[in-house]
């Protein structure tokens, strides 16, 4: 009788994760030194410290050591995270600001986490609960409205900064004066004889019905400067590369240099599309039709679109203050203002007050 022996090879058990003690033994230093290197506190001056740090970092790489950030955050009561509370739908200026925040915070060894669609209701309530539990060390808001449904963000246990014109009681703000820029735009065009205006917005824009930063100041300025002005509100679908069929093109096609029409667009994306469609239709932009954007795309300047905006606005100081607050837990004591204005380019410069 033959006996066949089957040897079964058992899978190896989970490999033990290397610890700071393992790194210390490999590098020939104390565990306290390893802890200082991991926490970034070993950057004091002196050649010995540099050499020691290099030995520790090499040992970490050889052993495949990864810091236990969750445990470290629990001990330090810091997460190393800053939250961005943003609105929906997406906005190009907002996205560029969030990208800048990520870059600036990284300079301070902080990471950014974005809480999307943090509007009043369930979404914002959930975010506020996370802030109360200190899921991040600090936060900032972009394009959130707080006047009708106050969030009480200023009462949360972490420092906060609001990119907002109003609301957010008790929270330092970064203001821009969008409304003032929109008002100046309308006043300046009216003073040069423009009497026909079309305000173009996007359907689905949550602020379209209550629009204190664009539509409302334009209407107020025209009511004051040109009571006889003809004003038309037009809402268009969010279609990239579309022909904007809901824009009253017939009215624009009949415009003349002596009776121009100003198309005031709530986003640069709409304004750029309008310039392209006007060219296709043979409409003389800048002479019989003026086109203005909101100032949320850098591409507008390249295309000669007149916009609202704050050229050269530098937000790095605000984000540096936010980073310091995240590390210390102390509230931000400063506010910033970047006044916007009406920036004229080719799409409105040729509009002139008619003779006589």
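Computed quantities for the displayed model
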item	result
Odd one out for residue 140, checked against (1) at pLDDT below 95; (2) buried (at least 21 other Cβ atoms within 10 Å of the Cβ)	(1)
Selection count where residues are surrounded by fewer than 19 Cβ atoms within 10 Å (Cβ to Cβ), assigned to a helix (DSSP H, G or I) and in contact with a helix residue (DSSP H, G or I) (Cβ under 7 Å, 6 or more places away or on another chain), scope segment 25-37	3
Answer residue from segment 242-255, given it is within 18 Å of residue 267 (Cα to Cα) and out of contact with any helix residue (DSSP H, G or I) (no Cβ under 7 Å at 6 or more places or on another chain) and is modelled with the highest pLDDT among those	248
Matching residues in segment 107-122 - criterion: being at pLDDT 90 or above and touching a strand residue (DSSP E or B) at 6+ places or on another chain (Cβ under 7 Å)	110, 111, 112, 113, 114, 115
Residue in segment 234-257 that is under 23 Å from the mean Cα position of the chain (by Cα), surrounded by fewer than 20 Cβ atoms within 10 Å (Cβ to Cβ) and either closer than 30 Å to residue 109 by Cα or not assigned by TED's automatic domain parsing to the domain that holds residue 199 (or both) present	no
Residue match in segment 168-179 (condition: more than 19 Å from the chain's Cα centre (by Cα) and over 23 Å from residue 100 (Cα atoms))	yes
In segment 305-324, the residues that are under 13 Å from residue 348 (Cα atoms), touching a residue at least 40 places away in the same chain (Cβ under 8 Å) and assigned to a strand (DSSP E or B)	306, 308
Options 209, 271: the member that is at pLDDT 90 or above and in the same structural domain as residue 183 (by TED's automatic domain parsing)	271
Segment 148-161 - residue that is buried (at least 22 other Cβ atoms within 10 Å of the Cβ) and touching a helix residue (DSSP H, G or I) at 6+ places or on another chain (Cβ under 7 Å) and, of those, farthest from residue 97 (Cα to Cα)	151
Qualifying residue in segment 325-338 (condition: part of a strand (DSSP E or B), under 25 Å from residue 98 (Cβ atoms) and at pLDDT 95 or above)	yes
Some residue of segment 44-52 being surrounded by 12 or more Cβ atoms within 10 Å (Cβ to Cβ), farther than 19 Å from residue 109 by Cβ, at pLDDT 85 or above and outside the structural domain of residue 108 (by TED's automatic domain parsing)	yes
Residue in segment 258-277 that is nearest to the chain's Cα centre (by Cα), counting only those that are part of a loop (DSSP other than H, G, I, E, B) and over 27 Å from residue 93 (Cα atoms)	260
Matching entry among 231, 218, 199 (being at pLDDT 90 or above, closer than 28 Å to residue 148 by Cα, more than 23 Å from the chain's Cα centre (by Cα) and in a helix (DSSP H, G or I))	218
Matching residues, segment 330-346, being closer than 12 Å to residue 162 by Cα and out of contact with any strand residue (DSSP E or B) (no Cβ under 7 Å at 6 or more places or on another chain)	334
Lone unmet requirement of (1) at positive phi; (2) free of Cβ contacts under 8 Å to residues at least 60 places away in the same chain for residue 177	(2)
Segment 80-91, subset farther than 18 Å from residue 168 by Cβ and buried (at least 17 other Cβ atoms within 10 Å of the Cβ), residue modelled with the lowest pLDDT	91
Residue within segment 283-304 that is over 25 Å from residue 226 (Cβ atoms), outside any loop (DSSP other than H, G, I, E, B) and touching a strand residue (DSSP E or B) at 6+ places or on another chain (Cβ under 6 Å) present	yes
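The values are calculated or read from the model by the stated rules, or taken from the named source; none is laboratory data. Given the structure is predicted, the values throughout are model-derived calculations rather than measurements. Cβ sites come from the backbone with ideal geometry, for glycine too, and all protein chains shown count toward neighbours.
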